[in-house]
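In what follows, a structure is listed as structure tokens, so that the remarks can point back to it.
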Amino acid sequence: MSETAREPAGMSADDVAARIGRAFPGGEFTVERWFAWLLADAALAGPETSTPGGPVGEPAHPLLAWTAATQAMGVTWDELFSWFGSSADDGPMFGEHETVWHAPMRVGRTYLVSGEVTSADRKSGRSGVFDVIGYVFRLHDKESGAHVADCWNSLILPRRLS
Amino acid sequence: MSDRADEGVTGADGAAVADRIGPLSPGMRLPDWHVAKVDGEKMKTTAALLRDPTPIHWDTAALRELGMGDRAINQGPLNMAYVMNMLAGFAGGYERVRRLRVRFRGNVREGDSLRAGGVVTDVRRQRADDGDEILCDCDVELSVVDGDAVLTGTATVALPGKGSGDE
């Protein structure tokens, strides 16, 4: 096979594009105090904001919106990568991200997560061939039903040549 | 240089941080927020919390195999979180961060020193449940100190306006 005829291993561009509209199974995520503490610590934000015995409902780190969404999307990261014929070993990367918070994330609250794949494009650049996958999540407060946040993301999946 | 925001991010003093650095208007710079040295152990904690199997965050052998050097690569969400910390420090609390859109332009590696900053691009007033609030749009950036920008984007924070309960 000539160099110009080589194709990225795995799924074709059409197969990848066919995943647009696929819904995540979704689920729910409770912002437990220990989790909020550790995430804030890892983010260098000061875990004293989520002290043991603190009030339920205190604002949690805003990163919890993305975290809740991805923890309760209903598939693992490897399962998500596999939707597009990729895996963690291929070196997937974040492309872009947007979160809109309609209300603060709060310690002790449970959030319902839903979402779907919104775009899938094959591209090529200096680093080779890659797919750019867009997907969106919506978060609602389980108790009140209030719309709390929207998270849009794009994921870059490098393609190795076969 | 500290790896924590000088102002913290949970202060109940609302726009006090913003007020201290001058009139709120386009062109005003937000206070920088620094990371003295990115810690690989935080990446391991984050990988476990997020159930993220991507080895570039914790397995240097995998990094070398992928031709990506030998310093672990920080999770993108942590890079976003540093910008959120900067915004919350400026606005006076987590709950004041209303929108963040970012593009990931490069990798942050274990040991890097970082600076998160921003500049006000627009100031608007809107009605809120407990009175007026001021919405402040910003351009934001996270850069490696003495290096390149690794994340750029835009954000909106809310500051209490006249008549609000938080004023």
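Restricting to the stretch A:88-110, and then to whatever is surrounded by fewer than 21 Cβ atoms within 10 Å (Cβ to Cβ) and within 15 Å of the chain's Cα centre (by Cα), can you tell me which residue is farthest from B:TRP58 (Cα to Cα)?
A:VAL100
Is there a residue in the stretch B:151-167 that is touching a Lys or Arg at 6+ places or on another chain (Cβ under 8 Å), away from chain A (no Cβ under 14 Å), within 22 Å of A:PRO104 (Cα to Cα) and in a loop (DSSP other than H, G, I, E, B)?
Yes.
Only one of A:SER2, A:SER50 is modelled with pLDDT under 90, in contact with a helix residue (DSSP H, G or I) (Cβ under 6 Å, 6 or more places away or on another chain) and farther than 28 Å from A:TYR135 by Cα; which?
Result of the check over A:SER2, A:SER50: A:SER50.
Hey, can you tell me all the residues within the stretch B:73-95 that are part of a helix (DSSP H, G or I) and either more than 13 Å from the chain's Cα centre (by Cα) or over 21 Å from B:GLY161 (Cβ atoms) (or both)?
Scanning the stretch B:73-95 gives B:GLY76, B:PRO77, B:LEU78, B:ASN79, B:MET80, B:ALA81, B:TYR82, B:VAL83, B:MET84, B:ASN85, B:MET86, B:GLU95.
Can you say whether A:ALA68 is among the small types (Gly, Ala, Ser) and modelled with pLDDT under 95, as far as the supplied structure shows?
In short, no.
Which is in contact (Cβ under 8 Å) with a residue 40 or more places away in the chain and facing another protein chain (nearest Cβ under 9 Å), of B:ALA81, B:ALA62, B:ALA88?
B:ALA88
State all residues of the stretch B:96-117 that are assigned to a strand (DSSP E or B) and either at positive phi or within 11 Å of another protein chain (Cβ to nearest Cβ) (or both); if no residue qualifies, say none.
Selection gives B:VAL97, B:ARG98, B:ARG99, B:LEU100, B:ARG101, B:VAL102, B:ARG103, B:PHE104, B:LEU114, B:ALA116.
So, of the residues in the stretch A:67-101 that are on the phi > 0 side of the Ramachandran plot and touching a strand residue (DSSP E or B) at 6+ places or on another chain (Cβ under 7 Å), which turns out to be farthest from the other protein chains (Cβ to nearest Cβ)?
A:GLY74
Checking the conditions here, which among B:ASP70, B:ASP112 is out of contact with any strand residue (DSSP E or B) (no Cβ under 8 Å at 6 or more places or on another chain) and surrounded by fewer than 21 Cβ atoms within 10 Å (Cβ to Cβ)?
On inspection, the qualifying residue turns out to be B:ASP70.
Those residues that are assigned to a helix (DSSP H, G or I), within 21 Å of A:ARG160 (Cα to Cα) and more than 7 Å from chain A (Cβ to nearest Cβ), I need them from the stretch B:41-59; list them, please.
Listed by number, the list holds a single entry, B:HIS57.
Test B:ALA128 against the stated conditions and say whether it is out of contact with any helix residue (DSSP H, G or I) (no Cβ under 9 Å at 6 or more places or on another chain) and either closer than 17 Å to B:VAL38 by Cα or at pLDDT below 95 (or both).
yes
Is it true that some residue in the stretch B:124-132 is touching a strand residue (DSSP E or B) at 6+ places or on another chain (Cβ under 9 Å), at negative phi and buried (at least 20 other Cβ atoms within 10 Å of the Cβ)?
Taking every residue of the stretch B:124-132 in turn, none turns out to be touching a strand residue (DSSP E or B) at 6+ places or on another chain (Cβ under 9 Å), at negative phi and buried (at least 20 other Cβ atoms within 10 Å of the Cβ).
The values are calculated or read from the model by the stated rules, or taken from the named source; none is laboratory data. This is a predicted model, so every value here is computed, not measured. Glycine also receives a Cβ, built like all others from the backbone with ideal geometry; neighbour counts cover every protein chain displayed.
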